[in-house]
Amino acid sequence: MAGAIIENMSTRKLCIVGGILLVFQVIAFLVGGLIAPSPTTAVPYTSVKCIDVRKNHHKTKWLIPWGPNPCEKLKDFNEAVSRQIEANDIVFAVHIPLPKKEMSPWFQFMLFVMQLDIAFKMDNDLKENAEVTLDVSLAYRDDMFDDWEEIAHAIEIRKLKCTFGSPKTLESEGRHYDCDFLPFMEIGSVAHKYYLINIRLPVNERKGINVGIGEIKDIRLVGIHQNGGFTKVWFAMKTFLTPSILIIMVWYWRRITLMTRAPVLLEKVIFALGISMTFINIPVEWFSIGFDWTWMLLFGDIRQGIFYAMLLSFWIIFCGEHMMDQNERNRLSGYWKQVGPIAVGSFCLFIFDMCERGVQLKNPFYSIWTTEVGTELAMAFIIVAGICLCLYFLFLCFMVFQVFRNISGKQSSLPAMSKARRLHYEGLIFRFKFLMLITLACAAMTVIFFIVSQVTEGHWKWGDITIQVNSAFFTGIYGMWNLYVFALMFLYAPSHKNYGEDQSNGDLGVNSGEELQLTTTITHVDGPTEVYKLARKEAQE
């Protein structure tokens, strides 16, 4: 009777905890959906054609499209021809932001894509697989009357991918090609108020530079930056969640250290998962408001990668430790087949990120996708990571199937037990199934979030279709990860409640006062837990 009362109290507590976590999950979605604006904003820019007729085009001179001391402008290239101005004397200038506006550190990053307006002309056609060479420079200032300070200068090559929907005849001259957007620039901080981009298209017929690229009419840029309002909501969530996870981590580890045994593998992995979640939560982004930390995007990718790897490893070990069979799994080496693909895939994605955003720390105009070798290398890393991910999920699905099959088999032993002990085991099995289903739901949501973020990053489509990641999805998924880790540490913390003689002298001969926990293969000083003994007895019979 006492066991039934205890089990009913445990089930009631589990329902209360689940209800509270569900409320916080709903709040996390509502914060993004009702309070935060859209995560990013896209701003179109049209370059201004400036004339630079100075000898050797002295690099310290910046050509400004508007504001104090603006450059001498060209209306179009027909004017350049009539004035006998050469292509090497034309600079495409873009001022960021638009007039009467300022950039802010709350914008966090800037991503730019480029589109070339290329007109068809019979005597200057666009060649197949044409490449355009760009001589680009980036500068900043914090006052409209200050001198411009250079951030970066590079000579970049971009391959043109254009189509022409009409027959290439005299009647079609002047019509524009339909060209894909080109990756242009990415910078991991917005520490200054004003930015200036100068783009040159140097022509050298002898070396074949910028020859056969058609008649370029204009250069257009689309700038994407994080919304300041969303940044503030995001920082506030991080600031709130960091102490929450830290408190539950300290409580969880204290409960483990009070035990008379050493921590087991599942407890260590849960604690490591809490550490990786805290690593993501710590709001170091606050410092980016006052410091020009261009490495924050790369640092954020590394933090997320560590958490993803830890989360995927936990799901495998979680299933293995609930297998309820005779195999010894309380060591990490027992999971090398399942954890190996996680390590290989994570390493491939890390190398890919270092080849992209790592190089961008020195050259913000760099993109690994702009060369054939870089594209093949990037695709190789992504394909290997994808294969590892598929292998991982095959292992995971197989282990989940085994766990549910084994638990169903063990349920046949329950009718032979006393009522109190039967209720206790039924509660344990219910919690196993409940947490596994929640784990699968979180896994599905995590994979969806990961795929969406990877597809949209670096593959922005503009025009008729605008891609915007929902703020509620961002905050909701982020809140889900934190609540999931919180619930794991709360539910899997060792219990110090003792069950008296009435229960302990039951079917399996468990010693009086043995500690009962939600895990299955935890080994005490006095022997294994009751559910593990149940599995062992079944195997012996």
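The values are calculated or read from the model by the stated rules, or taken from the named source; none is laboratory data. Given the structure is predicted, the values throughout are model-derived calculations rather than measurements. Because the Cβ atoms are built from the backbone with ideal geometry, glycine has one as well, and the counts that use them run over all protein chains shown. When the accessible area is computed, the model is the full protein with side chains, heavy atoms only, and any ligands, DNA or RNA have been set aside. Shrake-Rupley method; radii C 1.70, N 1.55, O 1.52, S 1.80 Å.
Please list, ordered by first then second residue, the pairs with beta carbon atoms under 6 Å, 6 or more apart or interchain, first in the range 366-389 and in contact (Cβ under 8 Å) with a residue 12 or more places away in the chain, second part of a helix (DSSP H, G or I) and among the charged types (D, E, K, R).
Every condition considered, the pairs that remain are Ile368/Glu356.
Determine whether Ala93 is without any contact (Cβ under 8 Å) to a residue 40 or more places away in the chain, among the aliphatic types (A, V, I, L, M) and open to solvent by less than 10 Å² (accessible area, probe 1.4 Å).
When the stated conditions are applied, Ala93 does not pass them.
Per-residue answers, yes or no, for (1) crowded, with 16+ Cβ neighbours inside 10 Å; (2) under 29 Å from Leu111 (Cα atoms); (3) in the same structural domain as Ile317 (by the TED database); (4) at pLDDT 85 or above:
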position: Val384; (1), (2), (3), (4): yes, yes, yes, yes
position: Cys388; (1), (2), (3), (4): yes, no, yes, yes
position: Gly427; (1), (2), (3), (4): yes, no, yes, no
position: Phe430; (1), (2), (3), (4): no, no, yes, no
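Using the structure shown, decide if Cys355 is crowded, with 17+ Cβ neighbours inside 10 Å and out of contact with any strand residue (DSSP E or B) (no Cβ under 8 Å at 6 or more places or on another chain). So that I can check it myself, show each step before the final result.
Numbers: crowded, with 17+ Cβ neighbours inside 10 Å: no; out of contact with any strand residue (DSSP E or B) (no Cβ under 8 Å at 6 or more places or on another chain): yes.
Taking the combined requirement at face value, the residue does not satisfy it.
I need the full set of residues from the range 299-317 which are open to solvent by less than 20 Å² (accessible area, probe 1.4 Å) and over 17 Å from Lys238 (Cβ atoms), in order please. Even if it seems obvious, please write down each step before you answer.
Filtering the range 299-317 down to residues open to solvent by less than 20 Å² (accessible area, probe 1.4 Å) leaves 300, 303, 307, 311, 313-317.
Of everything in the range 299-317, those that are open to solvent by less than 20 Å² (accessible area, probe 1.4 Å) and over 17 Å from Lys238 (Cβ atoms) turn out to be Leu311, Ser313, Phe314, Trp315, Ile316, Ile317.
Could you go through the range 117-129 and let me know if any residue there is crowded, with 18+ Cβ neighbours inside 10 Å, among the hydrophobic types (A, V, I, L, M, F, W, C) and either without any contact (Cβ under 8 Å) to a residue 24 or more places away in the chain or within 18 Å of Ile64 (Cα to Cα) (or both).
There is no residue in the range 117-129 that is crowded, with 18+ Cβ neighbours inside 10 Å, among the hydrophobic types (A, V, I, L, M, F, W, C) and either without any contact (Cβ under 8 Å) to a residue 24 or more places away in the chain or within 18 Å of Ile64 (Cα to Cα) (or both).
Determine whether the range 146-166 contains at least one residue that is open to solvent by less than 60 Å² (accessible area, probe 1.4 Å), over 24 Å from Thr46 (Cβ atoms) and out of contact with any strand residue (DSSP E or B) (no Cβ under 6 Å at 6 or more places or on another chain).
yes
Would you pick out the residues in the range 299-329 that are touching a helix residue (DSSP H, G or I) at 6+ places or on another chain (Cβ under 6 Å), among the β-branched types (Val, Ile, Thr) and modelled with pLDDT of 90 or more?
Selection gives Ile306 alone.
Within the range 52-76, work out how many residues are at pLDDT 80 or above and at positive phi.
Total satisfying the criteria: 2.
Do we have any residue at all in the range 21-33 that's under 27 Å from the mean Cα position of the chain (by Cα), at pLDDT below 80, of a type in the set (Gly, Ala, Ser) and within 30 Å of Phe109 (Cα to Cα)?
Yes, the range 21-33 has at least one match.
Among the residues of the range 183-197, are any modelled with pLDDT under 90 and of a type in the set (S, T, N, Q)?
Initial filter on the range 183-197 (modelled with pLDDT under 90): none.
No, the conditions are met nowhere in the range 183-197.
Restricting attention to the range 167-199, and to residues there that are open to solvent by less than 30 Å² (accessible area, probe 1.4 Å) and among the polar types (S, T, N, Q), which single residue is nearest to Cys50 (Cα to Cα)?
This residue is Asn198.
Going by what's in this entry, would Val136 be described as at pLDDT 90 or above and not assigned by the TED database to the domain that holds Thr371?
When the stated conditions are applied, Val136 passes them.
Among the residues of the range 250-278, how many are open to solvent by 70 Å² or more (accessible area, probe 1.4 Å) and assigned to a helix (DSSP H, G or I)?
So the answer is 7.
Condition check ((1) of a type outside the set (Asp, Glu); (2) closer than 30 Å to Gly188 by Cα; (3) in the same structural domain as Ile187 (by the TED database); (4) free of Cβ contacts under 8 Å to residues at least 60 places away in the same chain) across all residues:
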| position | (1), (2), (3), (4) |
| --- | --- |
| Arg254 | yes, no, no, yes |
| Val264 | yes, no, no, no |
| Glu267 | no, no, no, no |
| Asp292 | no, yes, no, no |
| Phe299 | yes, yes, no, yes |
| Glu321 | no, no, no, no |
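Any residue in the range 327-339 that is among the small types (Gly, Ala, Ser) and open to solvent by 60 Å² or more (accessible area, probe 1.4 Å)?
yes
Which of the residues that make up the range 191-227 are farther than 14 Å from Ala139 by Cβ and under 29 Å from the mean Cα position of the chain (by Cα)?
Listed by number, the residues that qualify are Arg220, Leu221, Val222, Gly223, Ile224, His225, Gln226, Asn227.
Cβ contacts < 6 Å: first residue closer than 18 Å to Phe184 by Cβ, restricted to the range 29-51; second residue charged (D, E, K, R) and exposed (fewer than 15 other Cβ atoms within 10 Å of the Cβ), any location; separation 6+ or different chain. Result?
Val48/Lys73
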